[in-house]
Amino acid sequence: MKKVTPISVFACLFISVLLSAISTSAQNIKPDADNAGLTLPTGFAALKVADNVGRTRHIAVNKQGAIYAKLERLDNGKGIVVLKDTDGDGRAETKTSFANYIGTGIAIKGNYLYAASNKEVFKYALNENGDIVDENAAATIVTGLIDKGQHNSKSITLDNAGNIYVNIGAPSNACQEKDRTKGSMGMMPCPILDSAGGIWQFKVDQFNQSYANGVRYATGLRNVVGLDWNNQLNQLFVTQHGRDMLNNLYPEIYDTTLSAELPSETMYAINKGDNAGWPYVYYDHSKGKKMMAPEYGGDGKKTVEDKFINPAMAFPAHMAPNGLLFYTGNQFPARYKNGAFIAFHGSWNRSPLPQEGYYVVFVPYENGKPTGKWEVFANGFSGKTVVKNPRDAQHRPCGLAEGPDGSLYVSDDVKGTIYRIMYQK
Amino acid sequence: MQRIILAVVVGMISFSAVTAQTNNKLVAASIARGKTVYLQRCMVCHQADGGGVPKLNAPLDASTAVNGSDISKLVKYIVKGLNDRIEIDGEFYANAMPAADDLKDQQIADVLTFIRSNWSNKAGPVTLTQVKQIRSKLK
C-alpha cells in the first residue's frame with residue numbers, strides 16, 4: 001500500500017477547498033451591478049454567466065457547476081454548448097461545443113448526459129470531472145419520433161428507476177381536419193394522439209427505442225415543453241402550452257379579450273395512464289373548469305366534469321411555460337425548497353392586447369401540493385415594461401437548471417444569455 | 001396645329017391626374033378593407049406590427065417576398081396556406097399557416113395591398129384582376 005504523506009493530504013484538502021470554492025460560493029460571487037437586468041425578490045441577486053451563446057433552449061448543470069446548453073440552431077455546426085467558470089467569479093471563461101444536431105431537451109442523471117434532437121434522444125457518458133468522455137460516442141436511445149415542425153421540440157426528464165420521459169408535442173392546434181383553419185371540425189377520435197400529444201416513457205439503458213418499445217405514459221397533452229421529475233413526490237410534472245386562436249376560429253363565441261385570456265396554461269401532476277383531455281377540452285382558470293373545445297361541440301359554456309385529469313395549477317393564457325424545475329437546493333430561503341419554478345417564454349397569441357409572460361414564476365408547495373398562488377420570481381428579461389409585439393422582447397426565458405450550490409440558472413433563446421440567480425443575505 | 005397639340009397634352013395631363021387621384025382613392029379603400037381582413041385573420045400570428053413571432057410566424061414587415069414582384073406566390077400562400085418550413089430571409093418558422101380559401105378574390109387583393117403598403121413596406125397594390133387570374137390557375 002502506498003504511504004499517504006501529510007503533504008499529499010494537505011494538497012488534497014487544498015484542492016477540494018479550491019474546487020468547492022469554484023462551485024459553491026454564491027455568497028462571495030459578485031452579482032452584476034444591475035442584477036443582469038432582472039427584477040428579483042429581496043435578497044436575491046443575478047449575473048450573466050454568458051451572453052450570445054446561441055439559441056439556448058434547455059440547460060443542465062453538472063456536479064462541478066459546468067453548464068450544458070442545448071441549441072435550437074447550430075452554431076458553427078454544433079448543437080450543445082459547454083460553459084465553464086474556471087476562476088470562480090460566476091461567469092463562464094470557457095465555451096466549447098459539440099454534437100451536430102439541434103433540439104431542446106437536455107438532462108444529467110448520474111454519470112450520463114442526455115440530449116434530444118427533434119426526433120431522437122442521445123446519451124453520453126460523463127467522467128469523474130463531469131466532462132463528456134467521448135463526444136463522438138453518442139448512444140441513440142430513442143429514435144423516429146414525430147417532427148412536423150409545429151411543436152416539434154422534445155423535452156426530457158428522468159426518474160430514479162431507469163426511465164426517461166420524452167414529450168412529443170402534437171403537430172396541431174386543436175386536432176382539426178385542417179389545422180388552424182376556420183370552419184374545420186375536430187377529428188373524433190383525434191388520430192394524432194397515437195404518436196404525439198403526450199409523454200412517452202423509454203428505458204435509459206436500451207438503444208434505438210421508438211414507439212413500439214416505449215410506453216405512452218400520459219396523453220391529451222397538446223404541447224409540453226417544461227417537464228421535471230419531482231424527486232420528493234417521485235412523480236412526473238409537466239407544463240402544457242394551451243391551444244391558440246379561439247377568436248380567429250370562433251369569433252362568434254370568443255371575442256379578442258376572451259381569446260387572449262383563454263385557455264389556461266396548465267401544470268399537471270402525472271400518473272401513468274393519465275389523460276389531460278386535449279384536444280377535446282381546454283381548461284378555464286376563471287371558472288375552474290374543463291371546457292368542451294369548440295371544435296368538438298363546445299360553446300364556451302359546456303363543461304366536461306367526469307373525464308380527464310385536472311391541472312395541479314393553472315396560469316393565464318398563452319404565456320408558454322417552457323421550463324419547469326422543482327427546487328431542491330439549500331441556498332434559497334426555506335420556503336423555496338420543493339417548490340416549482342416555471343420559465344414562461346412569453347405569449348404571442350394575445351394580440352391586440354399586450355403580450356404576457358416573459359418571466360420566471362415561483363409556485364410555492366406545501367405538503368406536496370401547490371398552495372394555489374403563484375408569484376413572479378424573476379422579471380425584466382424582455383427589457384420592456386410591456387411587450388406589445390413578441391419581436392420586441394430582448395430575452396425570453398426558456399430553460400431552468402439548479403447548480404450544485406443551489407443557484408438557479410435560466411437560459412434565454414433569443415440572445416443566448418445564461419443567467420445565474422443567487423440568494424445573498 | 002400647335003394649339004391642338006397643347007390642348008391634347010393639357011387634356012392628357014389633367015386626365016392622368018384625375019385617374020391618379022381616383023386610383024389613390026381606390027387603393028386607400030382597398031388598404032382600409034385589407035386592414036379589417038388582416039385584423040381578423042392574420043394579426044394573431046403576424047402581429048400588430050407585422051413583425052411575426054421569432055422562429056414561429058414569419059414577419060411580413062420588411063419581408064423580401066411581401067415587397068417583391070411575385071404576386072402569384074403571395075396569392076398562393078393565402079389560398080393554399082403554407083406549412084413547408086421554407087427558409088424566409090435566412091430564418092425558419094415552425095408554425096403552420098392555414099389556407100384562407102374562404103376569402104373572396106377582392107379580400108385577398110385587399111389584404112395583400114394592405115400588407116405590402118403597411119409598416120415599413122412600400123410595395124404597390126395588388127388588383128382584383130391579378131388575384132382572379134392567379135387564383136383561377138391554382139384550382
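The set of residues in the range B:101-120 being at pLDDT 95 or above, in a loop (DSSP other than H, G, I, E, B) and not hydroxyl-bearing (Ser, Thr, Tyr) consists of B:LEU103, B:LYS104, B:ASN118, B:TRP119. Out of all the residues in the range A:149-165, is one or more basic (Lys, Arg), over 30 Å from A:ASP299 (Cα atoms), touching a strand residue (DSSP E or B) at 6+ places or on another chain (Cβ under 6 Å) and within 14 Å of another protein chain (Cβ to nearest Cβ)? Yes, the conditions are met somewhere in the range A:149-165. Looking across the range A:191-220, just one residue is assigned to a loop (DSSP other than H, G, I, E, B), under 30 Å from A:PRO251 (Cα atoms) and in contact with a helix residue (DSSP H, G or I) (Cβ under 9 Å, 6 or more places away or on another chain), and that is A:GLY220. Can you name the residue in the range B:52-82 that is among the hydroxyl-bearing types (Ser, Thr, Tyr) and over 24 Å from A:ARG350 (Cβ atoms) and is also nearest to the other protein chains (Cβ to nearest Cβ) among such residues? Here the residue is B:TYR77. In a residue-by-residue description of the range A:134-143, the property of being part of a loop (DSSP other than H, G, I, E, B) and under 22 Å from the mean Cα position of the chain (by Cα) applies to at least one position. On inspection, A:ASN338 fails the criterion of being within 14 Å of chain B (Cβ to nearest Cβ) and over 16 Å from the mean Cα position of the chain (by Cα). Within the range A:199-220, is even one residue under 22 Å from the mean Cα position of the chain (by Cα) and of a type in the set (Asp, Glu)? No: zero hits. If the condition is being outside any helix (DSSP H, G or I) and either facing another protein chain (nearest Cβ under 8 Å) or surrounded by fewer than 19 Cβ atoms within 10 Å (Cβ to Cβ) (or both), then the range B:29-51 contributes B:GLN47, B:ALA48, B:ASP49, B:GLY51.
Among the residues of the range B:83-101, the ones that are away from chain A (no Cβ under 12 Å) and either within 18 Å of the chain's Cα centre (by Cα) or surrounded by 19 or more Cβ atoms within 10 Å (Cβ to Cβ) (or both) come to 1 in all. Within the range B:112-139, the only residue that satisfies the criterion of being under 12 Å from the mean Cα position of the chain (by Cα) and within 14 Å of chain A (Cβ to nearest Cβ) is B:ASN118. Contact map, the range A:234-250: residues that are within 14 Å of chain B (Cβ to nearest Cβ) paired with residues that are of a type in the set (A, V, I, L, M, F, W, C) and in a strand (DSSP E or B), Cβ distance under 9 Å, separation 6+ or inter-chain. Pairs shown: A:HIS241/A:VAL224; A:HIS241/A:VAL225. The set of residues from the range A:221-240 being surrounded by 24 or more Cβ atoms within 10 Å (Cβ to Cβ) and not in a strand (DSSP E or B) comprises A:LEU221, A:ARG222, A:ASN223.
The values are calculated or read from the model by the stated rules, or taken from the named source; none is laboratory data. All values reported here derive from a predicted model rather than from experimental measurement. Don't worry about glycine lacking a Cβ; one is built from the backbone with ideal geometry, like all the others, and counts go over all protein chains shown.
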